[in-house]
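Coordinate-derived values only; no laboratory data. Everything numeric here is computed off the predicted structure, so don't read it as measured data. Here the Cβ is made from the backbone with ideal geometry for all residues, glycine too, and neighbour counts use every protein chain on show.
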Amino acid sequence: MRRWLPAGLLAFLAAGPLVLSEFYVTLFNYIGLSALVALGLVLLTGVAGLTSFGQAAFVGVGAYATAWLTTAGAAAGWPALLTTPWAGLALGLMLTMLVAAGLGAITLRLSGHFLPLSTIAWGISLYFLFGNLEFLGGHTGLSGVPPLSFAGWELRDPRWFYYLIWLSLLAALFGVRNLLDSRPGRAIRALKGGALMAEAMGVDTARAKLMVFLLAAILASLSGWLYAHLQRFVNPTPFGLPIGIEYLFMAVIGGASEVWGALVGAAVITVLKHWLQDWLPHLFGASGNFEIIVFGFLMIAVLHRAQGGLWPYLSRGFPQPAVRGEAASRRDASLPPMPQRARPEAGVLLLDVKDVVKRFGGLVANDRMNLAVHAGEITALIGPNGAGKSTLFNVISGVEPATSGEVRFLGQRIDGLPARAIARLGMARTFQHVRLLPQMTVLENVALGAHLRGKRGYLSAMLRLSRDEEARLLAEARRHCERVGLADCLHMPAGSLPLGRQRLVEIARALALDPVLLLLDEPAAGLRYLEKQALAALLRVLRAEGLGILLVEHDMDFVMNLADFVVVMEFGKTIAAGRPAEVQNDPAVIEAYLGGLE
Ligand code: ADP
Ligand code: MG
């Protein structure tokens with residue numbers, strides 16, 4: 001049964017216009033058009049965590065662009081080639097990208113509720129623009145939009161239009177699914193985990209946000225173009241804020257984290273709307289858009305009872321999809337491994353921290369700190385809680401700017417560089433408070449670390465042209481998982497692992513970046529004795545391979561047996577530095593830190 005369900009649905013879709021009445025064909029057409037917009041919202045809101053109430057405005061840009069060009073343009077006697085619906089599509093997409101790039105550049109930097117609020121603002125503005133521009137026909141709109149035609153054959157019948165809408169939708173679903181399952185897709189999915197970690201892995205998060213914003217706008221605009229030529233006239237009403245909210249309802253109610261949620265949501269809301277618009281006015285004895293009330297309650301119910309929307313429930317009836325990345329990571333044998341960065345020779349100075357000061361208001365977290373790490377050496381940074389160790393890590397890795405002082409990496413000044421530029425130079429880090437994407441598999445989390453080692457972009461991912469690179473990236477990620485001892489949980493959600501093993505995922509992810517310097521913030525915290533031994537053994541191997549390692553750790557046995565050099569911090573300052581044996585016997589250290597342990 002399960003196996004045949006997708007094929008059965010496809011067959012039903014294909015046969016639809018031949019067997020269904022005109023009413024249902026039209027209903028399906030509207031479902032398909034809405035699903036295109038909702039798909040953009042799944043990507044934007046569900047996956048990337050950027051809420052937009054304003055997508056209807058982009059539908060409007062697509063619809064009005066083609067309606068205006070094919071009517072007013074044609075009436076003005078422009079060359080026929082420039083006033084075809086295809087030229088309208090090109091104009092619509094161009095305008096959409098311009099408008100979306102402009103709006104995105106201004107609003108995507110806003111955080112918290114400011115972004116959704118600003119989408120409401122431009123959603124309303126564009127709506128009023130459509131209604132008040134005389135050349136767009138004001139509130140009456142534009143009529144006489146020509147039908148689409150293919151080589152002289154005119155697509156006037158909604159039954160034929162149905163195929164165009166659903167083929168466009170299926171192509172979009174295919175593209176977005178492929179995208180999510182790729183290198184740029186992982187970058188998009190990482191946006192929800194906060195920009196900080198993604199940037200430290202080399203992801204340009206501002207660009208990733210802009211790209212999903214553009215993609216969602218393009219899908220909306222495409223829907224608008226189809227709508228204009230199906231309906232053959234446009235007016236501002238379908239592009240207003242209420243409809244923008246409806247699109248968001250579709251994505252949320254259907255299930256905003258999976259592409260299929262867009263389809264389910266569009267179907268549920270469109271069918272309900274038709275039905276409610278028939279019945280509710282009878283019930284209330286007055287006309288009005290009462291369905292909005294029902295949608296509101298439905299939304300609240302979904303947010304209370306099933307935050308993932310309806311799709312997770314429906315999906316149980318379908319064959320379960322392969323775990324993301326599983327197949328690709330197995331295809332590794334025939335493909336060459338990813339090239340590795342040249343490693344500096346042992347003893348070369350990798351990291352040179354000079355007089356770094358970091359202030360938080362009145363608090364001096366790092367007070368003229370100095371520190372060096374050489375290739376093929378492990379330097380440990382120890383000190384009581386609150387001494388300023390993690391702060392120094394943040395300054396070194398570019399997560400926080402230093403107040404003053406210098407940081408050099410491989411001879412180059414890096415203080416002032418963004419985290420992703422530092423990552424690109426070959427510095428990788430882990431976080432004391434583990435920063436994984438809990439829903440993504442262990443393998444995918446680690447593959448995010450290899451982000452900078454691939455270069456295929458959005459388009460090739462959507463068209464499945466980047467499968468070879470993807471397989472190589474996943475094979476590389478898999479290799480690092482195996483190295484740190486995670487071979488048995490590659491395809492488990494990272495969030496389901498115990499904390500100690502989540503730390504190992506962080507280490508594997510950092511290694512996948514192919515670093516020359518590795519910063520580990522309390523990697524052994526939460527590990528059991530044998531796991532700590534295994535970690536120490538791994539770090540020794542990495543050291544022998546020429547990696548430089550800077551390590552914060554509280555377990556003194558672990559540190560003293562492993563480190564070549566130890567720096568002891570207290571209240572933001574270095575109180576001792578030297579070989580483990582020297583530091584251990586330093587009276588200041590015994591007094592300040594080890595004293596309690598003796
Ligand atoms: P450690 O890692 O050695 O335990 P931290 O570097 O986390 O210490 O913290 C050093 C000091 O800086 C602490 O007093 C902490 O409260 C403070 N601190 C750390 N980050 C911030 C921040 N973003 N804003 C304000 N104070 C901070
Ligand atoms: Mg810390």
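State log₁₀ I(q)/I(0) for the range 243-295 at q = 0.18, 0.31 Å⁻¹ as given by the Debye formula over alpha-carbon point scatterers of equal weight, solvent excluded. Here log10 of I(q) over I(0) equals -0.56, -1.12.
If contacts are Cα pairs under 8 angstrom and at least 6 residues apart, what is the relative contact order of the range 349-592 in percent?
Numbers: 489 pairs, mean separation 67.3, N = 244.
Taking the mean separation of contacting Cα pairs over the length of the range 349-592, I get 28 percent.
Its Cα gyration tensor gives the chain an equivalent ellipsoid. The semi-axes, each the square root of 5 times an eigenvalue, are 54, 25, 22 Å from largest down.
Give me the percent relative contact order of the range 4-317, please, defined on Cα pairs under 8 angstrom at least 6 residues apart. The partial results should precede the final answer.
Values: 489 pairs, mean separation 102.0, N = 314.
Averaging sequence separation for qualifying contacts and normalising by length gives 32 percent for the range 4-317.
Among residues other than Ala48 with Cβ under 9 Å from its Cβ, the summed charge is +3 (Lys and Arg +1, Asp and Glu -1). For the chain, the longest principal axis of the alpha carbon atoms and the long axis of helix 55-68 meet at an angle near 50°. Applying a DSSP loop filter and a limit of 13 other Cβ atoms within 10 Å to the trypsin sites (Lys or Arg not before Pro) in the range 435-478 leaves Lys455. Summing charges over neighbours of Asn561, with a neighbour being any other residue whose Cβ is under 14 Å away from its Cβ, gives 0 when K and R count +1 and D and E count -1. Helical runs (DSSP H, four residues minimum) scored at -39500 (n - 2.57) apiece and divided by the length of the chain put the mean residue ellipticity at 222 nm at -16500 deg cm²/dmol. Against the empirical curve 2.2 N^0.38 Å, the C-alpha radius of gyration of the range 4-317 lands at a ratio of 0.99. Each label was represented as a point 7 Å from its Cα along the Cα-to-Cβ direction; for His491 and Leu167 these points are 3.5 nm apart.
Find the percent of Cα-Cα distances in the range 16-137 that exceed 20 Å, and round it to a whole number.
I get 55 percent for the Cα pairs in the range 16-137 exceeding 20 Å.
Taken about its Cα centre, the range 355-472 carries a charge dipole of about 300 debye when Lys and Arg each add +1 at the Cβ and Asp and Glu each add -1 at the Cβ. Summing Cβ point charges (Lys, Arg +1; Asp, Glu -1) relative to the Cα centre of the range 349-592 gives a dipole of roughly 880 debye. Charged side chains reduced to their Cβ positions (Lys and Arg at +1, Asp and Glu at -1) give the chain a dipole of some 1000 debye around its Cα centre. With all pairs of separate Cα atoms included, the range 349-592 yields a Kirkwood hydrodynamic radius of 18.6 Å.
So how much slack lies between His554 and Phe23, counting 0.36 nm per residue of separation and subtracting their Cα-Cα distance, in nm? Let's see the in-between values first.
On the way: separation 531, 0.36 × 531 = 191.16 nm, distance 7.01 nm.
Once the chain is fully extended between His554 and Phe23, it gains 184.2 nm.
Of all DSSP beta bridges confined to the chain, the antiparallel ones make up roughly 60%.
Please determine, in degrees from 0 to 90 and to the nearest 10, the orientation of helix 4-19 with respect to the longest principal axis defined by the Cα atoms of the chain, where the helix direction is its Cα long axis. Between the helix axis and the principal axis of the chain, the angle is about 20 degrees. With the simple spin-label model, which puts each label point 7 Å out from Cα in the Cβ direction, the Ala7 to Gln277 separation comes to 3.8 nm.
Dipole of the chain computed with +1 at Lys/Arg Cβ and -1 at Asp/Glu Cβ about the Cα centre; of Ala592, Leu91, Gly202, farthest Cα towards the positive end is Leu91. Could you work out how far helix 241-254 tilts from the main Cα principal axis of the chain, as a 0 to 90 degree angle to the nearest 10? Computed tilt is about 60 degrees.
Taking a sphere under 11 Å around the Cβ of Lys354 and counting the other residues whose Cβ falls inside, with K and R at +1 and D and E at -1, yields a net charge of -1.
Find the Rg to Rh ratio for the range 137-222, where Rh is the Kirkwood radius over alpha-carbon pairs and Rg uses the same atoms.
1.18
Across the chain, the relative contact order, built from alpha-carbon pairs under 8 Å that are at least six residues apart, equals 16 percent.
Mind listing which GluC sites (Glu not before Pro) in the range 489-549 are in a DSSP loop and have 11 or fewer other Cβ atoms within 10 Å? The qualifying sites are Glu545.
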